[in-house]
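First up is the structure itself, then whatever we jot down about it.
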Amino acid sequence: MSKLHYDTVVDRIADTLVTASTTFTPDQMRAYAHCKAKETNPNAGWVLEKLIENAEEAEKNALPLCDDTGTPHVIIELGKDATLPGDFLPAVEAGVAEGLRRLPARAMGVLGDDKERVSQKKGLSDDPGHLAMAPLRIIAIPGNAIRVTVLMLGGGPELRGKTLRVFHKHNFQVVLDEMVAWAKEAVALLGCQPAILAFGVGRSNFEASSLALEALKNADFDVQTDVEKEITDRVNAEHIGALGLGGDTSVLATFVKIGAQRASGWRVVSLRTECCVGPRRATCEF
Ligand code: SF4
């Protein structure tokens, strides 16, 4: 890649990170408006109204949707006829760091060696760009486009996430019931409801959590499968509600991505209990 192209990629990725951190997609706004209109609990209705206002203000002023600006995760979709220059990945990494500074994100990069980073003994860097992005994923797509999606993952959903084997007993409903049971527990504990549930079903812990992230990348609040709707409805029947105040909207939508499976009596299921500002994601194309 030429110098100009490198700088272009850095700039576009930085802008994409800012967009992911400061905007709801139109379908996400429609989902909030729909839930607000049918909410019967006045306290929960007030919370939904504030979340809509928060999103409008964030977009208008290019401000983060939440003080926890999240950890950047990147998914690259690489066209089979596209050529990926050798310095594309370093440019993506530099673009993420630049985007964190441009936002600016909360400075959350932890200093020190391995043990010090775990114990947080050496404190934090003042530089928002110090927060390294998570290992990225590349997905093959037809054509010659290179699409980069930046997802900003907040801490609350990490606390309420879970990846574990589920014995299927040759019955999909058995797995689905387990997913609903996980979701009910996680949503009740989340704190920043309404939740957006993302499930991946795969053959390993890595694959299942990658699929859950892919489900968030693809999330379209206007489209729900029967399975996704069943999960949402069954968790909403718990009446946990926005901020746990009760009401009709504990879950805004559910997104499920089921991958290839292997001969075994179990499946690996991964749940990300995304919070009320999620999924914060945006995509750019080269
Ligand atoms: S859980 Fe979500 S809304 Fe709550 S503090 Fe974290 S990022 Fe913000």
For this session: Evaluate the stretch 268-275: report whether one residue or more is surrounded by fewer than 24 Cβ atoms within 10 Å (Cβ to Cβ) and among the charged types (D, E, K, R).
Result: no
Exercise. Across the stretch 37-48, which residue is surrounded by the fewest Cβ atoms within 10 Å (Cβ to Cβ) among those that are away from the ligand (no atom under 16 Å from the Cβ) and touching a residue at least 60 places away in the same chain (Cβ under 8 Å)?
Worked result: Lys38
Exercise. Looking only at residues in the stretch 151-166 that are within 19 Å of Lys257 (Cα to Cα), out of contact with any Gly (no Cβ under 7 Å at 6 or more places or on another chain) and hydrophobic (A, V, I, L, M, F, W, C), which one is nearest to the ligand (Cβ to nearest atom)?
Worked result: Leu151
Seminar exercise, completed: Contact list, first residue from the stretch 49-78 and under 20 Å from Val148 (Cβ atoms) and free of Cβ contacts under 8 Å to residues at least 40 places away in the same chain, second anywhere and of a type in the set (Val, Ile, Thr) and within 12 Å of the ligand (Cβ to nearest atom), beta-carbon distance below 9 Å, six or more apart or interchain, is none
For this session: Look at Glu185 and say whether it is out of contact with any Gly (no Cβ under 8 Å at 6 or more places or on another chain) and of a type in the set (Asp, Glu).
Result: yes
For this session: Filter the stretch 188-207 down to residues that are within 12 Å of the ligand (Cβ to nearest atom) and in contact with a Lys or Arg (Cβ under 9 Å, 6 or more places away or on another chain) and give me whichever is farthest from Arg280 (Cα to Cα).
Result: Leu189
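Where a number appears in this text, it was derived from the coordinates with a stated rule and is not lab data. Owing to the predicted nature of the structure, the values given are computational and were not obtained by experimental measurement. For neighbour counting, all protein chains shown are included, and Cβ atoms are generated from backbone atoms with ideal geometry for every residue, glycine included.
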